[in-house]
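Novice: First, the structure itself, so that you have it in front of you.
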Amino acid sequence: MNIDLDNIKELHFIGIGGIGMSSMAFVLLERGYKITGSDQKITPICERLIEKGAIINAPQNKNNINNPDLIVYTDAIGENNEEYIAAKESNIPMVDRATFLGLLMKKYQNSIAITGTHGKTTTTSMLATIYKHSALKPTILIGGNLDEIGGNALVGEHDIFIAESCEYKGNILKYFPTTAVVLNIDEDHLDYYKSIYHIEETFMKFVSNLKEDSTLIINNDENNLMQIKESAPGKVITFSIYRESDFRATDIKYDSEGYVSYNLLFQDKLYPVSLNVMGLHNVLNSLAAIATAYSTGLTIEEIIKNIGYYHPVHQRLELLGKKNGVTVMDDYAHHPTEIMASLNAVKNMPNKRIYCVFQPHTYTRTKILLNGFADAFRLADKVVVIDIYAAREKDNHEVHSRDLVEAMVDRGVDCHYFPGFDEALVFLKEELRPDDLFITMGAGDVNKLAHMYLED
């Protein structure tokens with residue numbers, strides 16, 4: 001389908017309240033487009049879009065389609081959705097969210113896609129903070145809410161476009177960046193991908209599709225990225241902790257609160273970098289952000305100064321508060337690798353015990369990665385698992401949170417199952433003591449439990 005955004009004035013977004021859909025809507029509103037949309041309910045993000053001039057209806061309904069020039073729909077919309085069916089029958093041009101993001105990339109002279117299985121939101125947010133304090137003003141789309149920019153989108157003045165770019169359903173093959181940033185590859189989204197090899201093949205194709213004058217910025221510590229790196233047709237910039245690379249972190253240290261600092265080795269010089277975040281994984285995220293910002297023309301000195309202003313995006317090892325001497329945090333970790341990285345990070349905090357409440361995300365992920373999840377929680381002193389957050393899936397009764405609890409107990413993890421927040425809260429109030437860390441983990445709504453504890 002040949003779509004020219006220059007000939008489009010009004011767009012309708014089905015599922016506009018999603019983090020990825022809403023960020024594009026914010027940018028288009030600032031650019032003068034008329035935006036309508038719908039979602040299951042009017043969320044705070046929807047309210048912010050309405051304040052900017054969007055017309056949004058809830059719930060989704062076939063009557064919401066009012067002859068726009070283009071309809072954009074999210075991956076979360078099923079083919080049996082009433083509004084989606086009406087849109088198909090209207091013969092109005094339609095594209096999915098990823099295809100539309102690819103169209104947006106084509107409108108900018110320098111477009112940068114931040115992709116990989118883990119760390120996309122943090123890396124993109126670090127970049128947003130770096131640029132917010134610089135004279136260079138790109139447009140940036142983030143898959144989370146960053147206080148520094150007041151939300152999930154930063155509308156710029158220069159011809160640079162930076163977008164967090166999800167690999168789900170092979171969506172990266174629909175993007176057309178001039179610069180691709182690949183952070184890592186891991187087994188995930190196995191409701192779509194057949195295996196880790198299928199994921200690697202998809203990233204390989206994504207990178208090989210780049211143009212000869214493109215740039216690839218890639219993690220040099222990841223063994224499964226080596227072949228992908230070799231397939232790049234253009235310039236390659238590497239970052240790492242353990243291997244010789246263009247941007248390398250050395251002398252990594254943690255302060256009394258668990259925040260990380262290191263020396264950046266770049267062009268045979270050392271530059272001290274101090275971050276307001278925890279964890280070795282965030283060292284790699286910061287290296288990716290530094291390399292990307294440098295590739296757009298900012299100086300190393302300015303980048304290092306500006307990244308020091310970064311504070312975690314919401315739900316990424318986010319400190320929510322303290323109560324009765326208990327530190328309360330929330331984290332988006334919903335994959336074994338992410339859980340281990342986050343638990344390793346908080347181990348550097350001055351807390352006596354780690355209490356983790358985990359909400360598994362989707363039945364498919366829980367079933368396929370169950371043993372990985374069970375192993376990932378060994379660093380926690382006590383784990384509570386609540387019912388699986390279904391997201392886009394339906395319960396086929398092949399896996400239950402009790403199965404995960406049983407696997408953890410078999411590994412010697414002190415683990416307990418409760419179906420919901422109320423039951424878990426009663427348990428936590430009896431268990432938690434001063435100097436404990438209570439952290440919620442998951443990509444669903446488990447952070448509500450952390451707020452319930454603080455507000456009770």
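Novice: On the basis of being in contact with a helix residue (DSSP H, G or I) (Cβ under 6 Å, 6 or more places away or on another chain), of a type in the set (A, V, I, L, M) and open to solvent by 10 Å² or more (accessible area, probe 1.4 Å), does A86 make the cut?
Specialist: Working: in contact with a helix residue (DSSP H, G or I) (Cβ under 6 Å, 6 or more places away or on another chain): yes; of a type in the set (A, V, I, L, M): yes; open to solvent by 10 Å² or more (accessible area, probe 1.4 Å): yes.
So A86 fits the description; yes.
Novice: Would you pick out the residues in the range 346-361 that are of a type outside the set (D, E, K, R) and surrounded by fewer than 24 Cβ atoms within 10 Å (Cβ to Cβ)? Working first, answer last.
Specialist: Here is the first cut: in the range 346-361, the ones of a type outside the set (D, E, K, R) are 346, 348-351, 354-361.
Selection gives V346, N348, M349, P350, N351, I354, Y355, H361.
Novice: Mind counting the residues in the range 348-380 that are in contact (Cβ under 8 Å) with a residue 60 or more places away in the chain and over 17 Å from D186 (Cβ atoms)?
Specialist: Going through the range 348-380 one residue at a time, the tally reaches 12.
Novice: What is the residue count in the range 5-20 for residues that are open to solvent by less than 10 Å² (accessible area, probe 1.4 Å) and either small (G, A, S) or under 18 Å from E79 (Cα atoms) (or both)?
Specialist: Number of matching residues: 5.
Novice: Does the range 194-211 contain any residue that is part of a helix (DSSP H, G or I), among the acidic types (D, E) and closer than 18 Å to H335 by Cβ? Even if it seems obvious, please write down each step before you answer.
Specialist: Residues of the range 194-211 part of a helix (DSSP H, G or I): 196-208.
Next, only the ones that are among the acidic types (D, E) stay: 200-201.
Now drop any that are not closer than 18 Å to H335 by Cβ, which leaves 200.
There is at least one residue in the range 194-211 that is part of a helix (DSSP H, G or I), among the acidic types (D, E) and closer than 18 Å to H335 by Cβ.
Novice: Moving on to the next point. Looking for something open to solvent by 60 Å² or more (accessible area, probe 1.4 Å) and of a type in the set (F, W, Y) - is there at least one such residue anywhere in the range 409-424?
Specialist: The answer is no, given that none of the residues of the range 409-424 is open to solvent by 60 Å² or more (accessible area, probe 1.4 Å) and of a type in the set (F, W, Y).
Novice: Looking at the range 316-327 only, could you name the residues that are outside any strand (DSSP E or B) and surrounded by fewer than 21 Cβ atoms within 10 Å (Cβ to Cβ)?
Specialist: We begin by selecting, within the range 316-327, every residue outside any strand (DSSP E or B); these are 316-317, 324-325.
Passing the criteria: N324, G325.
Novice: For the range 247-295, what are the residues that are in contact with a helix residue (DSSP H, G or I) (Cβ under 7 Å, 6 or more places away or on another chain) and assigned to a loop (DSSP other than H, G, I, E, B)?
Specialist: Listed by number, the residues that qualify are G258, G279.
Novice: Is the range 95-114 home to any residue that is buried (at least 24 other Cβ atoms within 10 Å of the Cβ), in contact (Cβ under 8 Å) with a residue 12 or more places away in the chain, in contact with a helix residue (DSSP H, G or I) (Cβ under 8 Å, 6 or more places away or on another chain) and small (G, A, S)?
Specialist: Within the range 95-114 (the criterion being buried (at least 24 other Cβ atoms within 10 Å of the Cβ), in contact (Cβ under 8 Å) with a residue 12 or more places away in the chain, in contact with a helix residue (DSSP H, G or I) (Cβ under 8 Å, 6 or more places away or on another chain) and small (G, A, S)), the answer is yes, since at least one residue qualifies.
Novice: Then there is this: From (1) more than 27 Å from S195 (Cα to Cα); (2) of a type in the set (D, E); (3) open to solvent by 60 Å² or more (accessible area, probe 1.4 Å); (4) touching a residue at least 24 places away in the same chain (Cβ under 8 Å), pick out the condition that doesn't hold for E430.
Specialist: All conditions pass for E430, except number (4).
Novice: Please indicate, with yes or no, whether at least one residue in the range 226-246 is surrounded by 22 or more Cβ atoms within 10 Å (Cβ to Cβ), modelled with pLDDT of 95 or more and part of a strand (DSSP E or B).
Specialist: Yes, there is a match, as at least one residue in the range 226-246 is surrounded by 22 or more Cβ atoms within 10 Å (Cβ to Cβ), modelled with pLDDT of 95 or more and part of a strand (DSSP E or B).
Novice: Restricting the range 133-157 to residues that are without any contact (Cβ under 8 Å) to a residue 60 or more places away in the chain and over 18 Å from the mean Cα position of the chain (by Cα), which is most open to solvent (accessible area, probe 1.4 Å)? Explain how you work it out, then say what you get.
Specialist: Of the range 133-157, the ones without any contact (Cβ under 8 Å) to a residue 60 or more places away in the chain are 135, 137, 140, 149-150, 154, 156-157.
This time we only want the ones that are over 18 Å from the mean Cα position of the chain (by Cα), so: 135, 137, 156-157.
Values: A135: 85, K137: 63, G156: 9, E157: 153 Å².
Residue satisfying both the conditions and the ranking: E157.
Novice: Now a separate question. Residues of the range 336-372 being charged (D, E, K, R) and not in a helix (DSSP H, G or I), which ones? Even if it seems obvious, please write down each step before you answer.
Specialist: Taking the range 336-372 first, the residues charged (D, E, K, R) are 338, 347, 352-353, 365, 367.
Hits for the range 336-372 are K347, K352, R353.
Novice: Out of G20, G53, I need the residue that is small (G, A, S) and under 30 Å from A390 (Cα atoms). Which one? Before the answer, list the steps.
Specialist: Working: G53 fails: under 30 Å from A390 (Cα atoms).
That would be G20, the only listed residue that is small (G, A, S) and under 30 Å from A390 (Cα atoms).
Novice: Residue under question is L190, and the condition is that it be in contact (Cβ under 8 Å) with a residue 24 or more places away in the chain, of a type in the set (A, V, I, L, M) and either closer than 27 Å to T366 by Cα or in a strand (DSSP E or B) (or both); does it hold?
Specialist: Details: in contact (Cβ under 8 Å) with a residue 24 or more places away in the chain: yes; of a type in the set (A, V, I, L, M): yes; either closer than 27 Å to T366 by Cα or in a strand (DSSP E or B) (or both): yes.
The answer is yes for L190.
Novice: OK, next. Just give me the residues in the range 296-307 being touching a residue at least 60 places away in the same chain (Cβ under 8 Å) and either in a loop (DSSP other than H, G, I, E, B) or closer than 15 Å to T123 by Cα (or both), in sequence order.
Specialist: Just the residues of the range 296-307 that are touching a residue at least 60 places away in the same chain (Cβ under 8 Å), to begin with: 296-298, 302-303, 305-307.
Residues satisfying the conditions are T296, G297, L298, I303, N306, I307.
Novice: May I pose another question? Answer yes if at least one residue in the range 203-215 is among the basic types (K, R), within 24 Å of the chain's Cα centre (by Cα) and buried (at least 16 other Cβ atoms within 10 Å of the Cβ), and no otherwise. Working first, answer last.
Specialist: Initial filter on the range 203-215 (among the basic types (K, R)): 205, 211.
Those left that are additionally within 24 Å of the chain's Cα centre (by Cα): 205.
Narrowing the set further to residues that are buried (at least 16 other Cβ atoms within 10 Å of the Cβ) leaves none.
No - not one qualifying residue is present in the range 203-215.
Novice: A follow-up question, please. Working only within the range 130-166, note down all residues that are part of a loop (DSSP other than H, G, I, E, B) and under 20 Å from L287 (Cβ atoms). Break it down stepwise before answering.
Specialist: At the first step, the residues of the range 130-166 found to be part of a loop (DSSP other than H, G, I, E, B) are 133-138, 150, 155-159, 165-166.
Within the range 130-166, H133, S134, L136, P138, S165 qualify.
Novice: In the range 403-456, how many residues are under 20 Å from E338 (Cβ atoms) and small (G, A, S)?
Specialist: Qualifying residue count for the region: 5.
Novice: What pairs come up if the first residue lies in the range 49-64 and is in a helix (DSSP H, G or I), the second is open to solvent by less than 50 Å² (accessible area, probe 1.4 Å) and of a type in the set (S, T, Y), and their beta carbons are under 9 Å apart, counting only those six or more places apart or on different chains?
Specialist: Here the result reads L49/S22; N64/T36; N64/S38, each pair linking the range 49-64 to a residue that is open to solvent by less than 50 Å² (accessible area, probe 1.4 Å) and of a type in the set (S, T, Y).
Novice: Tell me which residues, restricted to the range 362-395, are on the phi > 0 side of the Ramachandran plot and surrounded by 16 or more Cβ atoms within 10 Å (Cβ to Cβ). Steps first, please.
Specialist: Residues of the range 362-395 on the phi > 0 side of the Ramachandran plot: 362, 391.
T362 - this is the single residue of the range 362-395 that is on the phi > 0 side of the Ramachandran plot and surrounded by 16 or more Cβ atoms within 10 Å (Cβ to Cβ).
The values are calculated or read from the model by the stated rules, or taken from the named source; none is laboratory data. Every value quoted in this text rests on a predicted model; they were computed, and no experiment measured them. FYI the Cβ positions are ideal-geometry reconstructions off the backbone, even for glycines, and counts take in every protein chain you see. The protein model used for the area step is the full one, side chains on, heavy atoms only, and it has no ligands, DNA or RNA in it. Shrake-Rupley method; radii C 1.70, N 1.55, O 1.52, S 1.80 Å.
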